[in-house]
Every structure is written in structure tokens, then in C-alpha cells.
Amino acid sequence: MENNKKKLQIPSTCALLFMLMIVCTILTWIVPAGEFDTEKVGDLNKVIAGTYHTVEASPVGPWATIMAVVQGILQSRKVNGHDHVCRRCR
């Protein structure tokens with residue numbers, strides 16, 4: 001008799017990050033946008049209690065989500081000093 005049970009496999013790191021990006025993109029359409037007023041105290045910006053107010057929402061679309069990854073890769077090469085990511089993108 002064969003054992004037909006499948007092992008539970010954890011998705012790869014890239015798959016987990018992709019799923020997290022999708023969830024966060026969807027949440028930009030659901031969670032209301034808002035902010036607190038702040039005051040500068042020395043070098044710190046402190047939040048003023050009770051000043052929360054909504055602001056205009058700026059939900060992220062699917063194309064913007066994909067392009068954020070591409071822009072992050074291109075900007076990381078500037079930070080790290082590596083040009084091997086995309087030499088033709090200059």
C-alpha cells in the first residue's frame with residue numbers, strides 16, 4: 001500500500017514576498033488613509049495626540065506594484081555601486 005499523503009511544503013521566499021506585495025496592494029484600497037499632526041521638538045518630530053485626520057487616499061494599482069520592484073532594483077544598483085544589474089539602462 002502506498003502512502004498518498006503529500007507533505008506540506010512552505011513556499012519559497014520569493015513566492016512569500018510576492019504574496020505579501022499582493023496583500024499590501026489590496027490593503028491600499030481598503031484601509032483608509034490618514035495622518036497625525038506633528039511638532040518638531042529638537043531633532044525629533046513628535047505626534048500630537050488627538051490630531052488624527054483622514055487625507056486623500058492614493059491606492060496602488062497592479063502595474064504600480066510591479067514597477068515598484070523594477071525601480072527598487074534599479075535604485076539599489078546606485079546605492080550599492082553595482083552596475084551589473086542593467087548596463088544598458090543608462
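Each value in this text was obtained by applying a stated rule to the coordinates, not by laboratory testing. Here the structure is a predicted model, which means the values were calculated and not measured. Positions of Cβ are backbone-derived with ideal geometry, glycine not excepted, and every protein chain shown enters the neighbour counts.
Using a Förster distance of 30 Å, how high is the FRET efficiency between MET21 and ILE48, based on the Cβ-Cβ distance and rounded to 0.05?
Efficiency, rounded to the nearest 0.05: 0.35.
Remark: the MET67-LEU8 segment gains 18.0 nm on full extension, using 0.36 nm per residue and subtracting the alpha carbon distance. Descending by average beta-carbon neighbour count within 10 Å, the peptides 19-26, 33-40 line up as 19-26, 33-40, the highest first.
Pop out the Kirkwood hydrodynamic radius of segment 1-49 from its pairwise C-alpha distances, inverse of mean 1/r, in Å to one decimal. Don't skip to the end; give the middle numbers.
Values: mean 1/r = 0.0636 Å⁻¹.
About 15.7 Å, per the Kirkwood formula over Cα pairs.
Among 45-53, 69-77, the peptide with the highest mean count of other Cβ atoms within 10 Å heads the list, and the full ranking is 69-77, 45-53.
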